[in-house]
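Everything on this sheet refers to the single structure shown next.
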């Protein structure tokens with residue numbers, strides 16, 4: 001290839017990138033794009049696609065980049081949610097002795113997705129400690145329980161109580177065990193940096209090929225922050241009755257911390273989409289009143305805070321959230337994406353069509369067990385019914401399921417070209 | 001006093017309910033009557049869940065409260081609690097292999113027990129052979145397979161296929177549920193029915209086990 005061809009290719013790629021980005025931006029802004037956009041998102045489907053084990057997909061950085069690139073060049077999505085940061089965790093988790101997940105080779109088989117262990121990592125009587133000083137609580141209570149390398153930190157005193165001569169004696173708490181913990185964390189940190197860099201390099205490579213990222217930073221709803229990772233699902237449901245004021249105060253404390261963390265993570269990254277997957281606020285998991293008291297107000301602060309910082313919240317509403325639609329309509333219009341797993345998108349469009357771009361929701365069951373014809377028909381209905389006037393991104397209920405049939409995934413990606421171009 | 005117990009449990013007034021129980025037994029009240037009142041209260045909780053007035057948090061609290069009350073009164077029972085009144089039929093349940101999730105399954109167990117079913121829970125990540133062995137041994141009329149992850153679709157299918165191969169399928173009604181399970185998964189796995197929530201499981205059992 002001569003230089004002129006290479007620069008022509010680069011120009012084409014840059015034009016493709018801008019076209020795809022505009023398509024996504026138009027959908028978010030509730031304008032009508034040239035066609036319905038589609039974003040590539042999966043946890044482990046790339047492993048099934050390439051015939052590698054899920055274990056390899058959690059350990060082999062170069063392989064995940066190579067395989068995902070191949071998929072992207074075949075499917076040509078309008079944006080790519082790189083699987084790196086959510087899945088290339090194996091080496092670092094081993095080094096830090098991470099306890100909150102079971103993963104291939106560590107509690108589940110080589111071809112299974114990693115799974116979260118739902119248990120109590122923060123005791124009910126510890127809300128006050130969190131509220132008083134979340135950073136100290138994290139370092140000396142929470143982190144030692146969820147990763148072995150942090151275990152020695154459990155003996156550290158509250159440093160903010162130390163000054164003058166007592167500050168001198170503070171040093172005696174930094175024992176050889178603590179030093180060993182930090183040394184182990186430094187090892188884990190070096191590995192995590194390699195994983196992190198592989199994601200960044202992939203982002204640059206994708207941009208060069210004309211594909212924007214579909215999301216970068218990820219964070220929780222304040223309720224899920226306590227439910228998923230600290231109190232456990234049973235603990236937090238009991239807290240709704242036994243410690244409602246503490247829970248609300250702790251969420252008040254956590255909300256600006258979560259937001260600040262997301263703003264730092266999103267930083268200067270060209271991708272402005274911030275992923276917020278919801279777990280414990282869906283229909284059935286709490287009453288509409290509980291949702292309006294314990295879930296939505298704090299989540300809304302995160303959403304609005306992101307929007308005010310020029311970012312685009314991508315909220316994944318798992319399960320069925322039909323009874324929440326009117327409540328969650330209360331955000332600035334044309335600035336976010338609501339991704340629904342099982343909620344009827346036609347109903348969501350009727351309630352939220354003027355407020356937020358919708359995304360979804362070809363069922364996992366159809367992608368895994370149905371035929372390409374089933375998928376085409378389903379997508380056609382969504383594209384023509386929900387996507388007609390913009391404000392819609394096609395995707396699976398939760399992206400592409402790990403076991404999806406290739407021909408069904410192809411049919412989903414082809415459908416935006418066939419039915420909305 | 002026991003009417004007060006039924007009301008406080010059903011209304012989620014935990015402290016009051018425990019206070020009533022303590023006063024009742026310290027005054028020499030029959031601990032078996034406390035357990036009977038609990039059962040009555042759980043019927044109400046189940047009904048309110050069915051009516052969409054209560055949600056998972058209420059079931060969690062009711063379950064936890066029941067455990068606390070049992071811990072108080074069971075040591076006082078002469079000769080142990082009377083034979084369980086769970087005579088509506090036996091349901092074998094478990095989360096299929098590869099899947100470690102149990103919250104949904106536990107809620108189904110709770111609701112089935114509240115509704116009088118004798119539930120045998122095999123736990124999570126249950127190998128196909130364990131389901132087959134238990135069905136052969138216990139001959140339950142109903143098997144309930146739970147799974148949250150999409151990998152469970154295949155695990156459910158393998159389990160049901162193995163039951164067919166072992167000649168155990170015909171006399172067995174099988175329901176599946178959890179996560180993204182729907183009619184397409186039911187058809188794929190060859191289950192008899194799927195459920196979207198714990199009440200669906202109860203309705204299916206009522207339908208299948210009606211005398």
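Just a few scattered comments:
- In the stretch A:201-223, the qualifying residues are those that are under 22 Å from the mean Cα position of the chain (by Cα), assigned to a helix (DSSP H, G or I) and more than 14 Å from every other protein chain (Cβ to nearest Cβ), and the one that is nearest to residue B:14 (Cα to Cα) is A:222.
- Flag if residue B:173 is away from every other protein chain (no Cβ under 14 Å), over 19 Å from residue A:108 (Cα atoms) and in contact with a strand residue (DSSP E or B) (Cβ under 6 Å, 6 or more places away or on another chain): yes
- Here is the figure for the stretch B:18-61: residues that are within 14 Å of chain A (Cβ to nearest Cβ) and either assigned to a helix (DSSP H, G or I) or out of contact with any strand residue (DSSP E or B) (no Cβ under 7 Å at 6 or more places or on another chain) (or both) total 15.
- Total residues in the stretch A:284-304, condition in contact with a helix residue (DSSP H, G or I) (Cβ under 7 Å, 6 or more places away or on another chain) and at pLDDT 95 or above: 12
- Some residue of the stretch B:179-187 being under 19 Å from residue B:87 (Cβ atoms) and in contact (Cβ under 8 Å) with a residue 40 or more places away in the chain: no
- Residue count for the stretch A:386-414, restricted to those that are at pLDDT 95 or above and either in a strand (DSSP E or B) or over 17 Å from residue A:79 (Cβ atoms) (or both): 20
- Considered as a group, the residues in the stretch A:50-79 that are in contact with a strand residue (DSSP E or B) (Cβ under 8 Å, 6 or more places away or on another chain) and assigned to a loop (DSSP other than H, G, I, E, B) include one that is farthest from residue A:206 (Cα to Cα), and that residue is A:53.
- Only residues that are assigned to a helix (DSSP H, G or I) and in contact with a helix residue (DSSP H, G or I) (Cβ under 9 Å, 6 or more places away or on another chain) were counted in the stretch A:305-348, giving 13.
- Test: residue in the stretch B:151-162 that is assigned to a loop (DSSP other than H, G, I, E, B), within 14 Å of chain A (Cβ to nearest Cβ) and within 13 Å of the chain's Cα centre (by Cα): no
- Hey, residue B:109 out of contact with any helix residue (DSSP H, G or I) (no Cβ under 8 Å at 6 or more places or on another chain), at pLDDT 90 or above, away from every other protein chain (no Cβ under 12 Å) and under 14 Å from residue B:144 (Cα atoms) or not: yes
- The stretch B:103-130 - residue that is free of Cβ contacts under 8 Å to residues at least 40 places away in the same chain and in a loop (DSSP other than H, G, I, E, B) and, of those, surrounded by the fewest Cβ atoms within 10 Å (Cβ to Cβ): B:123
- Odd one out for residue A:172 among (1) buried (at least 16 other Cβ atoms within 10 Å of the Cβ); (2) more than 30 Å from residue A:65 (Cβ to Cβ); (3) free of Cβ contacts under 8 Å to residues at least 60 places away in the same chain: (1)
- Where a residue in the stretch A:358-372 is away from chain B (no Cβ under 11 Å) and over 15 Å from residue A:340 (Cβ atoms) and its partner, wherever it lies, is at pLDDT 95 or above and crowded, with 23+ Cβ neighbours inside 10 Å, with Cβ under 9 Å and at least six apart: A:372/A:408; A:372/A:411; A:372/A:412
- Check on residue B:95, touching a helix residue (DSSP H, G or I) at 6+ places or on another chain (Cβ under 8 Å), more than 19 Å from residue B:9 (Cβ to Cβ) and surrounded by fewer than 21 Cβ atoms within 10 Å (Cβ to Cβ): no
- Taking the stretch A:323-357 as the range and being over 30 Å from residue B:154 (Cβ atoms) and within 13 Å of another protein chain (Cβ to nearest Cβ) as the test, the residues that pass are A:323, A:324.
- Some residue of the stretch A:58-76 being within 27 Å of residue B:96 (Cα to Cα), touching a residue at least 12 places away in the same chain (Cβ under 8 Å) and more than 14 Å from chain B (Cβ to nearest Cβ): yes
- Qualifying residue in the stretch B:136-149 (condition: more than 17 Å from residue B:103 (Cβ to Cβ), within 14 Å of chain A (Cβ to nearest Cβ) and crowded, with 21+ Cβ neighbours inside 10 Å): no
- Whichever residue in the stretch A:81-122 is at the interface with another protein chain (Cβ under 9 Å from one of its Cβ atoms), in contact (Cβ under 8 Å) with a residue 12 or more places away in the chain and assigned to a loop (DSSP other than H, G, I, E, B) and, among such residues, is farthest from residue A:45 (Cα to Cα): A:118
The values are calculated or read from the model by the stated rules, or taken from the named source; none is laboratory data. Since the structure is predicted, the reported quantities are computational estimates derived from the model, not experimental observations. Because the Cβ atoms are built from the backbone with ideal geometry, glycine has one as well, and the counts that use them run over all protein chains shown.
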